[in-house]
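The values are calculated or read from the model by the stated rules, or taken from the named source; none is laboratory data. Because the structure is predicted, anything quoted here is derived from the model rather than measured. No Cβ is skipped: glycine too gets one built from the backbone with ideal geometry, and neighbour counts run over all protein chains shown.
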Amino acid sequence: MSLVKRKVIPELLDSDSGTADEIAAALGDLRHINQWFGGIGTTRSMVEYVARQLDARLLSLLEIAAGSGYVPQTVSRRLRKHGVQLQVTLLDRAHSHLRNGSGNGRRAVAGDALSLPFADSSFDLVSCCLFAHHLSPPQLVQFVNEGLRVCRRAVLINDLVRHPVHLAMAYASLPLYRSRITHHDAPASVRQAYTLPEMREMLQRTRTGRVDSRWHYLFRMGAIAWKEQDATI
């Protein structure tokens, strides 16, 4: 159990509380956070695990709250070198966040993560990075159920782990970031993140067939909610 009680603190980037330049700087900071602190590695690890379990060389992936799509696109490039092709579609609530996210065969769609604008079983995987902690427990269950509806195989959750050491690291890293938005949002994200046991308990309340979850580098969690027919993989 974490010694830090979960506290919901509205994040500035969620409400676009800033100028266009400040928001662009904050999205740039997010790219650095995912590059330096395990974001890319966690998503890559989960996709590789699923590919091995399914013996798959081609997977389609819908990335939720994708922003410019830096994480899934970087993972796609790295997996291609190892013989796994990842076809990426990006979804975010704001067109402005999706800027430069399309192209190179990738689609970018504005839409609601809790009511995904896609038919059942449209993608092999539905994935999110640094999104789950923005959701209340009932919302997270709703989101995962929507993901399970839209996916054919699994929902992948890449997020922070709430921990006192992680909170201290978040404050210590603030000089690395350009945006005042990030200076507020980075520690706020850790405070409202979930622990791994909390995430497992919430996922067990969804329509998943099985949950795989583990800690990753620098207080990241990787949780996989398998669709029912893949529960015995």
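Descriptive notes on the structure:
- Flag: Tyr194 matches the condition of being crowded, with 24+ Cβ neighbours inside 10 Å, touching a Pro at 6+ places or on another chain (Cβ under 9 Å) and at negative phi.
- Residue ID - farthest from Ala132 (Cα to Cα), chosen from residues in segment 1-31 that are among the β-branched types (Val, Ile, Thr) and in contact (Cβ under 8 Å) with a residue 24 or more places away in the chain: Ile23
- So Ser76, is it at pLDDT 95 or above and surrounded by fewer than 19 Cβ atoms within 10 Å (Cβ to Cβ): no
- If you go through segment 217-233 and keep only what is touching a helix residue (DSSP H, G or I) at 6+ places or on another chain (Cβ under 8 Å) and either within 18 Å of His134 (Cβ to Cβ) or buried (at least 21 other Cβ atoms within 10 Å of the Cβ) (or both), you end up with Phe219, Arg220, Met221, Gly222, Ala223, Ile224, Ala225, Lys227.
- Residues that are surrounded by fewer than 17 Cβ atoms within 10 Å (Cβ to Cβ) and not charged (D, E, K, R) were ranked within segment 110-122; the one that is modelled with the lowest pLDDT is Ala110.
- Just one of (1) within 21 Å of Leu160 (Cα to Cα); (2) surrounded by 15 or more Cβ atoms within 10 Å (Cβ to Cβ); (3) modelled with pLDDT under 95; (4) aliphatic (A, V, I, L, M) fails for Val47. It is (3).
Let's see how each residue does on (1) under 30 Å from Asp21 (Cβ atoms); (2) surrounded by fewer than 24 Cβ atoms within 10 Å (Cβ to Cβ):
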| residue | (1), (2) |
| --- | --- |
| Asp124 | no, yes |
| His133 | yes, yes |
| Val141 | no, yes |
| Glu146 | no, yes |
| Asn158 | yes, no |
| Arg162 | no, no |
| Met169 | yes, yes |
| Ser173 | yes, yes |
| Arg178 | yes, yes |
